[in-house]
């Protein structure tokens, strides 16, 4: 450990190198236990959920006698007998009242000796309802649209600069277009699962989430326990995308079932249940008005968003916030209005806000380029703002133009014929499109503890979360460099609420929050060893802590990652089938910690963008109020066969302002704008401007 | 999920006897559809009679040049069978257009024919569905139906006890319908041969019944009669994504073209459609219109239009009509182009 006293010199830096996932071998061998797989108890009990088919109404009566009589049934919980929960937000007050606020709301839970008996029993619970017709259809004409006090993540609801309407009226060239995006659902491969057990008055939970500490305030309040009485363990998580960020009803049901039966209980949601119990992305209706001079200079940007939330929660997605910074224009306006509908509470999904919002803005920019007769890359470059156009602060770094230029070069954009529907390969119409991407750079407070003992691997403890992103690997790289040791000499511990508190995985903040905390702890270790032990690690070892969080850079700079997507689309002129044979995307996202896992993050985001453009839509049944296509046979996500050649690269961007690591976060920028590039290419291929996603084959036949 | 008993008979007759005596039982083949339906509570058999190893896994030559396909032949094996690929390319193409590699390894030929609709109201026990719960109504007519039937459906607005706009999900069955296959069935009364056109049924007044098979009858084999000109045949499937999706519209087609150049005449033709009806839909109106006529784009399009004149689409699935017209026309042009070449 002599390297502690010096700058690391004995090892090549791990950060920036191309290291394979250190958790990969355990995962492919089945030795990395996911939530449901923890073997804790030779005879766990199983929980199954009875859901309301009624979207709006109340439970009149529940007859559980037939279910209770089934051999193997341990308990049937209903709102009449379930433990009372402490204070939690309304959307998760499960089995606390007879009121039903959305289709699929749990009205009873069966605990049984086997999952088969539990599932059999739920069909024997007889529930009678008083129901009303649900109100689930969003439109701009509703008279109950309202402005929320603020948007998610603390953004202001509206922003207005200048006289937008006057600027639009005076603009020589303008577009006024409305885009719509449907409800979408996260589809992580691991369904939400919880194993819960009470050891006396201590609740232990093995759970699939985006950060064990995220659950702590909710679970302690719900069950009336202290933080010391709660232990949440989540070492491996099979995807989340936002759906595992918040505490949902299944975690509370598992805790209640374990308390009532005194058993270890297992609860895994079905894929169908995920449509109603763990959130969705709101649909959006977005009116975009852009005004420009004849040379393409934007004079006005107006982006008005209508979206939904639920009766039991206000989830105000920040859809138009990226429009506040992407382009320069003297007059600008963004607004958000909500309708409260009889639907489950929306939640975070894959770059909430930026994903639907930039889709609409970047589609409208393409329409403006067509109206101007201007190349869409040049239109974007022409409106590049020198400073954040609404906050009036400098960028910490901004390389959108470089991304557009490099992407155009790699894609072969030069010489593109702007005319639509003039290219064919066989029976396929061919087109190309471009769109910009951006995502905020943030960090959140996080703490780390390091225990160094001579001759042993250094234990680095932080309640970080690897939801499949590669955090196990990236944080080990960061720790190795910070400690000046090889990666093998780092013993990383994450995914446990009894580790030092850290932020959850979300908002592309994991590496930017946890990495600097690890660096700070390593620095504290170095200083301690110098100051108190003469530069030599004492035989008894040293324990230090370090922390990191947002600083004054938040006020001084506008901090964002940027990117550019280019897509080729082919549309079968007989069947309307849409395929994307290739995409080129270039990102400027600060320092890249691991090229392999970073590429996977970008690729995953781009694939989700493709999937959003062409496939994903949860259909709300207006009569019953449920999501009708609630399984993977009918809710289509892109499969391997849908993903063509993906050319992914990034700029070597140095940003000394964002955080000590210089990283900007890469979890979400890949999806933002990708659907717009594909939609724009679809127009270029077909001459048809589809303004509501997804672009399924029938779009080609509309009006014919 | 209801608890069930698992039985394994020693021969087909024993299986038939076992299931005939168990009115709530079901045969288990590959289980790729049935097990899903059991998990969903849609199928609630009290006994499963495993027939996967009872019927043949062989493809045998028939004297006329056709093929006898054992009911237990896995879909993957059938698609890879050289005689199928050579004599009936549309059948191999249809098989490969269905499901995923893993499912095709598991699924059997007999089971494939007996798949149930993927209508989301059928697979959700909390929703009305006349097929699953006779008399409960049809949720799909006023709800989610972009993937459902435009031909042969019983559509009285959804609230009556008969409305059903379900589609049959199989790709393979569409090709077999075009090939006039015969389904060999063993029942308590002995063996019988069912023309595939009489196996599946339209919903009519009883949407709960997908086929004409009696309870306990077991498919033992499928005979595909010789059709020399089926070497020029195709299966094309339109779907939302490149793989692993049910057909929005599909077509299985073969053509016997006589003569060359612009004077070529359609001596005979087979056309079956998938994704449009409760059954694999044989386009007999279109076939009749084409037989003896010219092999031109106009003739093809007019024939499909005549076939689809009986269609009764809903707002969200009306696109299937122009889509089917284009698909069939283009497929027939491709086949006739190959024939001329």
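Kindly indicate whether residue A:522 is part of a helix (DSSP H, G or I), surrounded by 24 or more Cβ atoms within 10 Å (Cβ to Cβ) and modelled with pLDDT of 95 or more.
Yes; evaluated as a whole, the condition is true for this residue.
Are any residues in segment B:139-160 in contact (Cβ under 8 Å) with a residue 40 or more places away in the chain and either part of a loop (DSSP other than H, G, I, E, B) or within 12 Å of another protein chain (Cβ to nearest Cβ) (or both), and if so, which ones?
Matches in segment B:139-160: B:141, B:144, B:145, B:146, B:147, B:148, B:149, B:150, B:152, B:153, B:155.
Yes or no, residue by residue, for (1) modelled with pLDDT of 95 or more; (2) surrounded by 17 or more Cβ atoms within 10 Å (Cβ to Cβ); (3) assigned to a helix (DSSP H, G or I):
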{"residue": "A:84", "(1), (2), (3)": "yes, no, no"}
{"residue": "A:87", "(1), (2), (3)": "yes, no, no"}
{"residue": "A:91", "(1), (2), (3)": "yes, yes, yes"}
{"residue": "A:95", "(1), (2), (3)": "yes, yes, no"}
{"residue": "A:104", "(1), (2), (3)": "yes, yes, no"}
{"residue": "A:107", "(1), (2), (3)": "yes, yes, no"}
{"residue": "A:116", "(1), (2), (3)": "no, yes, yes"}
{"residue": "A:120", "(1), (2), (3)": "no, yes, yes"}
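Would segment B:99-122 turn up any residue that is in contact (Cβ under 8 Å) with a residue 24 or more places away in the chain, away from every other protein chain (no Cβ under 14 Å) and farther than 30 Å from residue B:235 by Cα?
No, there is no match, as no residue in segment B:99-122 is in contact (Cβ under 8 Å) with a residue 24 or more places away in the chain, away from every other protein chain (no Cβ under 14 Å) and farther than 30 Å from residue B:235 by Cα.
Do any strands (runs of 3 or more DSSP E) lying entirely in segment B:1-94 carry at least 2 residues that are touching a strand residue (DSSP E or B) at 6+ places or on another chain (Cβ under 6 Å) and within 14 Å of another protein chain (Cβ to nearest Cβ), and which ones are they?
B:5-8
Restricting to segment A:676-704, name every residue that is part of a loop (DSSP other than H, G, I, E, B), more than 11 Å from every other protein chain (Cβ to nearest Cβ) and in contact with a strand residue (DSSP E or B) (Cβ under 7 Å, 6 or more places away or on another chain).
Matches in segment A:676-704: A:691, A:693.
Take residue A:631 and tell me if it is surrounded by fewer than 22 Cβ atoms within 10 Å (Cβ to Cβ), within 14 Å of chain B (Cβ to nearest Cβ), touching a strand residue (DSSP E or B) at 6+ places or on another chain (Cβ under 6 Å) and in contact (Cβ under 8 Å) with a residue 12 or more places away in the chain.
Criteria not met by residue A:631.
State whether one or more residues within segment A:125-148 are in the same structural domain as residue A:69 (by TED's automatic domain parsing), in contact with a helix residue (DSSP H, G or I) (Cβ under 9 Å, 6 or more places away or on another chain), modelled with pLDDT of 95 or more and part of a loop (DSSP other than H, G, I, E, B).
Checked against the condition, which is being in the same structural domain as residue A:69 (by TED's automatic domain parsing), in contact with a helix residue (DSSP H, G or I) (Cβ under 9 Å, 6 or more places away or on another chain), modelled with pLDDT of 95 or more and part of a loop (DSSP other than H, G, I, E, B), segment A:125-148 yields at least one hit.
Would you tally the residues in segment B:126-140 being at pLDDT 95 or above and either touching a strand residue (DSSP E or B) at 6+ places or on another chain (Cβ under 9 Å) or over 20 Å from residue A:53 (Cα atoms) (or both)?
Number of matching residues: 9.
For residue A:579, which of the numbered conditions (1) more than 30 Å from residue B:136 (Cβ to Cβ); (2) within 14 Å of chain B (Cβ to nearest Cβ); (3) over 20 Å from the mean Cα position of the chain (by Cα); (4) crowded, with 24+ Cβ neighbours inside 10 Å fails to hold?
Status for residue A:579: all satisfied but (4).
Quickly run through segment B:112-147 and pick out the residues that are surrounded by 23 or more Cβ atoms within 10 Å (Cβ to Cβ) and in contact with a helix residue (DSSP H, G or I) (Cβ under 8 Å, 6 or more places away or on another chain).
Once the filter is applied, which keeps residues that are surrounded by 23 or more Cβ atoms within 10 Å (Cβ to Cβ) and in contact with a helix residue (DSSP H, G or I) (Cβ under 8 Å, 6 or more places away or on another chain), segment B:112-147 yields B:112, B:113.
Take the conditions more than 30 Å from residue A:72 (Cβ to Cβ) and touching a helix residue (DSSP H, G or I) at 6+ places or on another chain (Cβ under 7 Å) and apply them to residue B:20. Does it pass?
So residue B:20 fails the test.
Have a look at B:182, B:154 and point out the one that is surrounded by fewer than 24 Cβ atoms within 10 Å (Cβ to Cβ), farther than 28 Å from residue B:222 by Cα and not assigned by TED's automatic domain parsing to the domain that holds residue B:31.
None of the other options fit; the residue is B:154.
Which of the residues spanning segment A:168-181 are assigned to a loop (DSSP other than H, G, I, E, B) and either in contact with a strand residue (DSSP E or B) (Cβ under 6 Å, 6 or more places away or on another chain) or assigned by TED's automatic domain parsing to the domain that holds residue A:244 (or both)?
Answer for segment A:168-181, where residues must be assigned to a loop (DSSP other than H, G, I, E, B) and either in contact with a strand residue (DSSP E or B) (Cβ under 6 Å, 6 or more places away or on another chain) or assigned by TED's automatic domain parsing to the domain that holds residue A:244 (or both): just A:171.
Which condition does residue A:620 not pass, out of (1) surrounded by fewer than 24 Cβ atoms within 10 Å (Cβ to Cβ); (2) within 14 Å of chain B (Cβ to nearest Cβ); (3) within 23 Å of the chain's Cα centre (by Cα), if it passes all the others?
Residue A:620 satisfies all of (1) surrounded by fewer than 24 Cβ atoms within 10 Å (Cβ to Cβ); (2) within 14 Å of chain B (Cβ to nearest Cβ); (3) within 23 Å of the chain's Cα centre (by Cα) except (1).
Please tell me if residue B:25 is free of Cβ contacts under 8 Å to residues at least 40 places away in the same chain, closer than 23 Å to residue B:186 by Cα and either touching a helix residue (DSSP H, G or I) at 6+ places or on another chain (Cβ under 9 Å) or surrounded by 16 or more Cβ atoms within 10 Å (Cβ to Cβ) (or both).
Here the answer is yes, as residue B:25 does meet what is asked.
Taking segment A:644-653 on its own, how many of its residues are buried (at least 19 other Cβ atoms within 10 Å of the Cβ) and either facing chain B (nearest Cβ under 9 Å) or in a loop (DSSP other than H, G, I, E, B) (or both)?
The total comes to 1.
Select from segment B:276-298 the residues that are within 14 Å of residue B:331 (Cβ to Cβ) and buried (at least 17 other Cβ atoms within 10 Å of the Cβ) and write down the one among them that is modelled with the lowest pLDDT.
The qualifying residue modelled with the lowest pLDDT is B:295.
Could you identify the single residue in A:257, A:331 that is more than 30 Å from residue A:673 (Cα to Cα), crowded, with 21+ Cβ neighbours inside 10 Å and in contact with a strand residue (DSSP E or B) (Cβ under 6 Å, 6 or more places away or on another chain)?
Going through A:257, A:331 in turn, just one is more than 30 Å from residue A:673 (Cα to Cα), crowded, with 21+ Cβ neighbours inside 10 Å and in contact with a strand residue (DSSP E or B) (Cβ under 6 Å, 6 or more places away or on another chain): A:257.
When the residues of segment A:149-164 are filtered to those that are at positive phi and outside any loop (DSSP other than H, G, I, E, B), which remaining residue is surrounded by the most Cβ atoms within 10 Å (Cβ to Cβ)?
The selected residue is A:153.
In segment A:654-675, which residue that is farther than 20 Å from residue A:352 by Cβ and either surrounded by 22 or more Cβ atoms within 10 Å (Cβ to Cβ) or within 14 Å of chain B (Cβ to nearest Cβ) (or both) is farthest from the chain's Cα centre (by Cα)?
A:655
Mind checking which residues of segment A:479-505 are assigned to a loop (DSSP other than H, G, I, E, B) and either over 28 Å from the mean Cα position of the chain (by Cα) or on the phi > 0 side of the Ramachandran plot (or both)?
Passing the criteria: A:484, A:485, A:486, A:495.
Kindly establish whether residue A:355 is in contact with a helix residue (DSSP H, G or I) (Cβ under 6 Å, 6 or more places away or on another chain) and touching a residue at least 12 places away in the same chain (Cβ under 8 Å).
For residue A:355, the condition - in contact with a helix residue (DSSP H, G or I) (Cβ under 6 Å, 6 or more places away or on another chain) and touching a residue at least 12 places away in the same chain (Cβ under 8 Å) - is not met.
Taking into account only those residues within segment A:378-404 that are without any contact (Cβ under 8 Å) to a residue 40 or more places away in the chain and under 21 Å from residue A:295 (Cα atoms), which is surrounded by the most Cβ atoms within 10 Å (Cβ to Cβ)?
Among those residues, the one meeting the criterion is A:401.
The values are calculated or read from the model by the stated rules, or taken from the named source; none is laboratory data. Here the structure is a predicted model, which is why all the values come from computation and not from measurement. No Cβ is skipped: glycine too gets one built from the backbone with ideal geometry, and neighbour counts run over all protein chains shown.
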